[in-house]
Amino acid sequence: MSDAARLTPLGVVVLALLREGEMHPYEMMRMLRQRRDDRLVRIQNGTFYHTVSRLERAGLVIEVGVDRDGNRPERTTYRLTDAGETAVVEWVRRELPRMDRPAEFRIALAEAHNLDRNEVVALLAERRIALVAELDGHRAGLSDSATRGVPDQFLVEVSRQAAVLDAELAWQDALHARLVDGSLPWGVDEIPDHVRHANAAIRKSLS
């Protein structure tokens, strides 16, 4: 089994965060909460430290030092290994085109900026095929039910899901257009300087 296949969603988020630089777990947790990434994964102290330990045992992160400043508890700082960087990219690449794992897709989408723009365009195009097929299936089911006189009260959930899929298709097409025409800045190299400085200030305040 590959490193990417063994990753949990929280593990992916940790590895992606460490692409920005070396951090200790306490700093990671505060940074993720600051960015509201706790919408995507549950961030609990025990689980978080256990996840970091698992990533270290797997060789995806490595300890680079221990902070013993004042009376604070010791804080071990970690950095991403080459294997860890490969694993998070492979995980995002695997999950981004899928329709059957909505929770994982949200994380893959949140971390899609770790992939090249053109690759993201291709992966989302692959997902679009599945999205259209699922939407068509719901519409066909609704049409067939109407023909057979099925009462609407039995079709409320199906109708809702068709509307959700339709909205998602429109949203994804709009994202695709921005990625293709370049109007959406993408990747580390296109992060504006003022955002880099703001992120650096946040990290300094959380360390």
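Of note:
- Alpha-carbon Debye profile of the range 80-184, log10 I(q)/I(0) at 0.14 Å⁻¹: -0.64
- The solvent-accessible area of ARG35, taken with every protein chain present and a 1.4 Å probe, is close to 80 Å².
- Accessible area per residue was computed with a 1.4 Å probe on protein heavy atoms; VAL188 scores about 90 Å².
- The label-point distance for ALA170 and ARG79, in a model that sets each label 7 Å from Cα toward Cβ, rounds to 4.8 nm.
- Of all accessible heavy-atom area on the chain, the percent that carbon and sulfur account for (1.4 Å): 51
- Segments 167-173, 90-96 sorted - mean Cβ within 10 Å per residue, highest first: 90-96, 167-173
- Calculated FRET efficiency for the pair ILE62/ASN118, C-beta based, R₀ 25 Å, to 0.05: 0.20
- Mean separation of Cα contacts under 8 Å (6+ apart) over length of the chain, as relative contact order %: 20
- Dipole magnitude for the range 14-144: about 400 debye, using +1 per Lys or Arg Cβ and -1 per Asp or Glu Cβ, origin at the Cα centre.
- Over the range 77-195, relative contact order from alpha-carbon pairs under 8 Å, at least 6 apart, %: 26
- Packing-based order for 144-151, 4-11, using average beta carbon neighbours within 10 Å, highest first: 4-11, 144-151
- Positive-pole candidate from THR51, GLY141, LEU169, dipole of the chain, charges at beta carbon: THR51
- Against the chain, whose longest principal axis is taken from its Cα atoms, helix 25-34 shows a tilt of about 40°.
- Each Lys and Arg adds +1 at its Cβ and each Asp and Glu adds -1 at its Cβ; summed about the Cα centre, the range 1-70 shows a dipole of about 380 debye.
- On a per residue basis, the chain carries 57 Å² of accessible surface, using protein heavy atoms and a 1.4 Å probe.
- Using a simple spin-label model with pseudo-atoms 7 Å out from Cα toward Cβ, SER183 and ARG39 lie 2.2 nm apart.
- Diagonalising the gyration tensor over the Cα atoms of the chain and scaling each eigenvalue by 5 before taking the square root yields semi-axes of 39, 19, 16 Å, largest first.
- Euclidean distance between Cα centres, the range 129-179 to the range 1-47, Å: 34
- Rounded FRET efficiency, nearest 0.05, which uses the C-beta distance separating ALA133 from PHE154 and R0 of 22 Å: 0.40
- Ranking HIS50, HIS24, HIS138 by solvent-accessible area of protein heavy atoms (1.4 Å probe, all protein chains present), from largest to smallest, gives HIS50, HIS138, HIS24.
The values are calculated or read from the model by the stated rules, or taken from the named source; none is laboratory data. Owing to the predicted nature of the structure, the values given are computational and were not obtained by experimental measurement. When we count neighbours, we look across all protein chains shown, and the Cβ atoms used for this are built from the backbone with ideal geometry, even at glycine. Note: areas computed on protein heavy atoms with side chains; ligands, DNA, RNA excluded. Shrake-Rupley method; radii C 1.70, N 1.55, O 1.52, S 1.80 Å.
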